[in-house]
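Structure first, commentary second.
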Amino acid sequence: GDDGESYRLSDLRGSPVLLNFWATWCTPCRVEMPAFEQAFQDEDSPLEILAVAYGQSVENIAAYRGEMGLSFPLLADDNMAVGNIFGVAQIPSTFLIGPDGRIVQVHYGPLTADQIAEMAARASA
């Protein structure tokens, strides 16, 4: 899909979701993006991955996608409305949302591939 498309978390009910808040200028965010891409490409992973660009324009997001080689959804939150709903205080912040739509875990700072795998296991338990 195109960058800037809209998602509703309710549409993803039944699947665990990794909801990540990031920004193009955030250096730790760059560190974790390849791990998200790896999880997204993993056929065995139950996780849906949504990466919400906090206060970023669609143009910036598209350039970042190309530079980083990412294929999972990158969503624009240019007015930070979504971030405010989740009470995002720092980025990166990642919310693990269970299949029932409840927040299972919140992680501040960059995630490793191992940590993402642990979250996938926890979400599908």
What angle do you read, to the nearest 10 degrees and between 0 and 90, between the alpha-carbon axis of helix 27-41 and the longest principal axis of the chain? 50
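Mean projection of the alpha-carbon convex hull of segment 28-125 over all orientations, in nm²?
Its Cα hull, projected and averaged over all orientations, spans 6.0 nm².
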Just to confirm the filter: which GluC sites (Glu not before Pro) across segment 23-125 are DSSP coil and have at most 16 other Cβ within 10 angstrom of their Cβ? E43
Amide proton proximity set for M80, modelled H, under 5 Å, gap of 5+: G55
Let's test the formula: R0 of 30 Å, r as the Cβ-Cβ distance of Q41 and N84. What FRET efficiency results, to the nearest 0.05? 0.45
Spin-label model distance (nm) - R30 vs D100, 7 Å beyond Cα toward Cβ: 4.1
Whole-percent carbon and sulfur share, accessible surface of the chain, 1.4 Å: 48
For an R0 of 22 angstrom, estimate the FRET efficiency from the Cβ-Cβ distance between Q115 and L9 and round to the nearest 0.05. 0.55
Roughly what angle does helix 113-123 make with the longest principal axis of the chain, taking Cα atoms, 0 to 90 degrees, to the nearest 10? 50
How about segment 53-125: which trypsin sites (Lys or Arg not before Pro) there are in a DSSP loop, with at most 13 other Cβ atoms within 10 Å of their Cβ? R102
Tell me, what is the per residue accessible area of the chain in Å², probe radius 1.4 Å? 51
Dipole of the chain, Cα-centred, from +1 at each Lys and Arg C-beta and -1 at each Asp and Glu C-beta, to the nearest 20 debye? 400
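The values are calculated or read from the model by the stated rules, or taken from the named source; none is laboratory data. Predicted model, so just to flag it, every value in this text is computed and none were measured. Note that we place each Cβ from the backbone using ideal geometry, even for glycine, and neighbour counts take in every protein chain shown. Remember, those area values only see protein heavy atoms, side chains included, never the ligands or the DNA or RNA. Shrake-Rupley method; radii C 1.70, N 1.55, O 1.52, S 1.80 Å.
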